[in-house]
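*Asks:* Submitted below is the structure of interest, expressed as structure tokens.
The values are calculated or read from the model by the stated rules, or taken from the named source; none is laboratory data. Quick caveat: nothing in here was measured; it's all calculated off a predicted structure. In this analysis, Cβ positions are derived from the backbone assuming ideal geometry, glycine residues included, and neighbour counts consider all displayed protein chains. For the accessible areas, the whole protein counts, side chains as well, though only heavy atoms, and no ligand, DNA or RNA atoms are used. Shrake-Rupley method; radii C 1.70, N 1.55, O 1.52, S 1.80 Å.
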Amino acid sequence: MTIRDIYESKLCSAHEAVSHIKSGDYVVLAHACAEPPVLIDAMVDNHQAYENVRIVHMVSQNEGRQYKPEYQKNFKHEGFFLGGNTRETVACGHGNFIPAYLHQIPAVIRTGAVPCDVCLVMVSKPDRWGRCFVGVSCDYTVQAMKSAKIVIAECNDHVPRTPGKDYVHISEIDYIVETSHEVMELQPPKISETELQIAKNCAKLVEDGSTLQLGIGAIPNAVMGLMKDKKDLGIHSEMITDWVVDLVEAGVINGSKKSIHKNKIICTFMMGTKRLYDFVDRNSMIEMHPSDYVNNPTIVAKNSKMVSINAALEVDLMGQVSAESIGLRQFSGIGGQLDFFRGVAMSTDGLGKGIVAMPSTATLRNGMKVSKIVPFLKEGSAVTTPRTDVDYVVTEYGIAHLKWHTLRDRARALIKISHPDFRPELMQEYNKRFCEDYCEI
Ligand code: COA
């Protein structure tokens, strides 16, 4: 049989494909922009056929109809990360959050700790060797395709064929639904004056020849916008977005000083615009690997001059970071934050830097301004990164260097970069905790 024959033998309608899902099944959705919208819509349209189907996923970019209260009996949510379309579902008790590092999630699926009866995914059309590329996601998605009893794929001719390990052979897919639509896009965020100032402070910590990991959001984008004057940067990052295109075109990202995967951009997923997806298509500079490789702290540690920049919700006066919950309310997830900070802390050249970058304050929905540097994390908040794994905290007011500093010095450094409106109460706590009057050093 030719590749074409195999492909055609698996073709069916979306409605027929989702009829293979049974009540009680665990359905793993491909991650982020690799979610298959046509299949998800067909599954939700077919909701009356199911009871208690567990939807397993991480960053969910689709509209999220399956999480709506009217489908409670049909679908339950099991998330490794929560977002705008899933937070309420879990808060109301119609779903669960599973704490796990991103580097562990392929193993969670491989070992059956979270079963994978059906995997719903979007892939490229097969190439002449029969390889179907997920293109924008490798992370746990490829493992889910390998572990699933049934793999149902949208074969979409807009999915890029990104080099690396983000593919399965057509023979590993059970049902194919042919589609042709743009891959979901994430537009670059607007950058505020405060975020720009934070980015300027972060940029001071990035030396020429560094290898970078950055999270999602305005601050990472602002940091990369300031990298035009740097030289020979490398990327080993869980996620990449459109800044990669600008900085490769400007000759800044070339990976020439990387200690592993020289000249390559290594990532495990991407979210960006069509410009990014066109850029990575068959681009030998890019390599996608699963998250148990990219995010594995022992692999991260092999990168020379590794700089990891991630955000936080709150940091306490000892340097403990909560990036995922506000009290007991699960807000997002663990992702790769500690994977990278641990890798940096273990870096073989001893030059790694783990940076928490965040505004000094947050404005709540009721208009109240709160300090993000606090004496104590909110009751119930999860510690995403312990104080031992944070090297620097950066706000618009400056840089606090915490690594291997005493609790007293850490508290002083953090007060110095907190918002002036909140310094008096932080100083008061300092005085009480350390039995001395706070003084700037
Ligand atoms: N107390 C109460 N609310 C707070 C808060 C605090 N200390 N800090 C932030 N918030 C609120 C904000 O007001 C905002 O509310 P809104 O949605 O009503 O506007 C919301 O939380 C998000 O804040 P924002 O500053 O916009 O966050 P962000 O989009 O930059 O994301 C994290 C920050 C920490 C949530 C995000 O980076 C994350 O989920 N990280 C965990 C995983 C990780 O770091 N992975 C590594 C790389 S992908």
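*Asks:* Relative to the compact-globule scaling 2.2 N^0.38 Å, provide the ratio for the alpha-carbon radius of gyration of the chain. Let's see the in-between values first.
*Replies:* Details: Rg = 22.5 Å, N = 441, 2.2 N^0.38 = 22.2 Å.
Ratio of Rg to 2.2 N^0.38 Å for the chain: 1.01.
*Asks:* Which of the lysines could a cross-linker span from LYS264 if the Cα-Cα distance has to be under 16 Å and same-chain partners fewer than 8 positions apart are dropped?
*Replies:* Answer for LYS264, where 16 Å is the Cα cut-off: LYS165, LYS231, LYS302, LYS305, listed by chain and number.
*Asks:* Can I ask one more? Which aspartates and glutamates have a Cα less than 16 Å from the Cα of LYS230, not counting those fewer than 8 places away in the same chain?
*Replies:* GLU207, ASP208, ASP246, GLU249
*Asks:* A follow-up question, please. If one takes the longest principal axis of the Cα atoms in the chain, at what angle in degrees, from 0 to 90 and to the nearest 10, does the Cα axis of helix 423-434 lie?
*Replies:* Roughly 80 degrees between the two axes.
*Asks:* Here is a follow-up. Quick one: putting +1 on the C-beta of Lys and Arg, -1 on the C-beta of Asp and Glu, what dipole do you get for region 310-408 around its Cα centre, in Debye to the nearest 20?
*Replies:* Values: 10 positive and 9 negative charges, 52 e Å.
With only Lys, Arg, Asp and Glu charged at Cβ, the dipole is about 240 debye.
*Asks:* Order TRP404, TRP129, TRP243, most accessible first, counting only protein heavy atoms with a 1.4 angstrom probe.
*Replies:* On the way: TRP404 220, TRP129 145, TRP243 10 Å².
Largest accessible area first, the residues go TRP404, TRP129, TRP243.
*Asks:* Which entries of LYS204/LYS432; LYS149/LYS258; LYS204/LYS262; LYS353/LYS432 show an alpha-carbon separation above 28 angstrom in the structure shown?
*Replies:* Working: LYS204/LYS432 34 Å; LYS149/LYS258 39 Å; LYS204/LYS262 24 Å; LYS353/LYS432 31 Å.
Pairs exceeding 28 Å: LYS204/LYS432; LYS149/LYS258; LYS353/LYS432.
*Asks:* Averaged per residue, what accessible area in Å² does the chain show with a 1.4 Å probe, protein chains only?
*Replies:* On the way: 17710 Å² over 441 residues.
On a per-residue basis, 40 Å².
*Asks:* Report the net charge of residues surrounding ASN263, where surrounding means a beta-carbon distance below 11 angstrom and charges are Lys +1, Arg +1, Asp -1, Glu -1. Working shown, then result.
*Replies:* Details: positive: LYS257, LYS258, LYS262, LYS264; negative: ASP232, GLU287.
Once positives and negatives cancel, what remains is +2.
*Asks:* Excluding same-chain residues fewer than 8 positions from LYS369, which lysines have a Cα within less than 19 Å of its Cα?
*Replies:* LYS378, LYS416
*Asks:* Provide the percentage of antiparallel DSSP beta bridges, counting only those with both residues in the chain; round to the nearest 5. Could the numbers behind the result be given before it?
*Replies:* Working: 17 of 69 bridges.
DSSP beta bridges in the chain are roughly 25 percent antiparallel.
*Asks:* Return the distance in nm (one decimal) between the two label points of a simple spin-label model at GLU16 and GLN187, each offset 7 Å from Cα along Cα→Cβ.
*Replies:* The answer from the label model is 3.9 nm.
*Asks:* Distance between the C-alpha centers of region 102-156 and region 225-301? Whole Å please.
*Replies:* Value for the Cα centre distance between the two parts: 22 Å.
*Asks:* Could you tell me the calculated FRET efficiency between MET285 and ASP5, based on Cβ-Cβ distance and R0 = 35 angstrom, to the nearest 0.05?
*Replies:* Between MET285 and ASP5 the formula returns 0.55.
*Asks:* Can I ask one more? Roughly what % of DSSP beta bridges within region 356-440 run antiparallel, to the nearest 5? Let's see the in-between values first.
*Replies:* Values: 7 of 9 bridges.
Among the beta bridges of region 356-440, antiparallel pairing accounts for roughly 80 percent.
*Asks:* Next question, about the same structure. Need the full-extension length gain, ASP246 to HIS405, defined as separation in residues times 0.36 nm minus the C-alpha distance. One decimal, nm.
*Replies:* Values: separation 159, 0.36 × 159 = 57.24 nm, distance 3.73 nm.
Full-extension gain reported as 53.5 nm.
*Asks:* Still on this structure, please answer the following. Compute the relative contact order of region 111-239 as a whole-number percentage, counting only Cα pairs closer than 8 Å that sit 6 or more residues apart in sequence. Don't skip to the end; give the middle numbers.
*Replies:* Values: 207 pairs, mean separation 26.0, N = 129.
Taking the mean separation of contacting Cα pairs over the length of region 111-239, I get 20 percent.
*Asks:* Given the DSSP H assignment, sum -39500 (n - 2.57) over each helix run of at least 4 residues in the chain and divide by its residue total; what's the result at 222 nm in deg cm²/dmol, nearest 500? Intermediate values should be presented prior to the final figure.
*Replies:* On the way: 15 runs with 112 residues, N = 441.
About -6500 deg cm²/dmol.
*Asks:* Going toward the positive end of the dipole of the chain, with +1 on Lys and Arg Cβ and -1 on Asp and Glu Cβ, which of ALA199, SER13, PHE75 do you reach last?
*Replies:* Positive-end residue among those listed: ALA199.
*Asks:* Further question on the same structure: For region 283-290, just list the computed ³J(HN,Hα) in residue order, Karplus coefficients 6.51, -1.76 and 1.60, θ = phi - 60°, integers in Hz, with x standing in for Gly and Pro.
*Replies:* The phi angles translate into 8, 5, 6, 9, 9, 9, 10, x Hz.
*Asks:* Sorted by accessible area with a 1.4 angstrom probe, largest first, how do MET368, MET1 fall? Each step should come with its number before you reach the end.
*Replies:* Numbers: MET368 105, MET1 175 Å².
The residues order as MET1, MET368, largest area first.
*Asks:* Okay, next question. Please report the accessible area of CYS435 (heavy atoms, 1.4 Å probe, ligands and nucleic acids excluded) in Å², nearest 10.
*Replies:* Solvent-accessible area, nearest 10 Å²: 120 Å².
*Asks:* Restricting to region 128-182, what percent of DSSP beta bridges are antiparallel, rounded to 5?
*Replies:* Values: 3 of 8 bridges.
Here the share of antiparallel DSSP bridges comes out near 40 percent.
*Asks:* May I pose another question? Give the relative contact order (percent, whole number) for the chain; include only Cα pairs under 8 Å separated by 6+ residues.
*Replies:* Numbers: 1086 pairs, mean separation 58.3, N = 441.
Relative contact order for the chain comes out at 13 percent.
*Asks:* Note down the magnitude of the dipole of region 174-229 about its Cα centre, charges +1 on Lys and Arg C-beta and -1 on Asp and Glu C-beta and zero elsewhere, to the nearest 20 debye. The partial results should precede the final answer.
*Replies:* Numbers: 4 positive and 9 negative charges, 82 e Å.
The dipole magnitude comes to about 400 debye.
*Asks:* Pick out which of GLN72, GLN213, GLN48 has the largest mean-square fluctuation in a Gaussian network model of the chain, springs linking Cα atoms closer than 10 Å.
*Replies:* With Cα springs under 10 Å in the chain, the top fluctuation among GLN72, GLN213, GLN48 is at GLN48.
*Asks:* Hey, another quick one. Any chance you could look up the accessible area of ILE170 with a 1.4 Å probe, heavy atoms only, rounded to 10 Å²?
*Replies:* Taking all protein chains as shown, ILE170 has close to 0 Å².
*Asks:* Can you give me the % of accessible surface on region 127-252 that is carbon or sulfur? Probe 1.4 Å, all protein chains present, nothing else counted. Don't jump to the answer; show the numbers that get you there.
*Replies:* Details: 2300 of 4770 Å².
Answer for region 127-252: carbon and sulfur cover 48 percent of the accessible area.
*Asks:* Follow-up. For the chain, modelled as a GNM with alpha-carbon contacts under 10 angstrom, which of LEU364, LEU414, LEU186 fluctuates the most?
*Replies:* LEU364
*Asks:* For the chain, modelled as a Gaussian network with Cα springs under 10 Å, which listed residue fluctuates most, CYS155, CYS202, CYS92?
*Replies:* Judging by the Gaussian network model, the answer is CYS92.
*Asks:* Next question. Once the piece of chain linking GLU88 and ARG329 is laid out straight, how much longer is it, given 0.36 nm per residue of separation minus the C-alpha distance between them? Write out the running numbers ahead of the final one.
*Replies:* Details: separation 241, 0.36 × 241 = 86.76 nm, distance 0.97 nm.
Working it through step by step, the gained length comes to 85.8 nm.
*Asks:* Could you compute how much accessible surface GLU207 exposes when probed at 1.4 Å, giving the result in Å² to the nearest 10?
*Replies:* For GLU207, solvent-accessible area is about 90 Å².
*Asks:* Turning to a different aspect of this structure: How far apart, in nanometres, would the label points at PHE376 and LEU351 be if each is projected 7 angstrom from Cα along the Cα-to-Cβ direction?
*Replies:* 4.3 nm
*Asks:* Same structure again: Provide the FRET efficiency to the nearest 0.05 for the ASP278-SER171 pair, computing r from the beta carbons and using R0 = 30 Å.
*Replies:* On the way: r = 29 Å, r/R0 = 0.96.
Approximately 0.55, to the nearest 0.05.
*Asks:* Can you give the FRET efficiency for GLN48 and THR111, using 1/(1 + (r/R0)^6), R0 = 22 Å, r = Cβ-Cβ distance, to the nearest 0.05? Write out the running numbers ahead of the final one.
*Replies:* Numbers: r = 33 Å, r/R0 = 1.50.
That pair, GLN48 with THR111, gives E of 0.10.
*Asks:* Rank these by accessible area, largest first, 1.4 Å probe: PHE341, PHE376, PHE331, PHE422.
*Replies:* Working: PHE341 0, PHE376 135, PHE331 70, PHE422 35 Å².
The most accessible residue leads, giving PHE376, PHE331, PHE422, PHE341.
*Asks:* Expressed as an acute angle from 0 to 90° and rounded to the nearest 10, what is the orientation of the C-alpha long axis of helix 407-416 relative to the principal long axis of the chain?
*Replies:* So the inclination is approximately 90 degrees.
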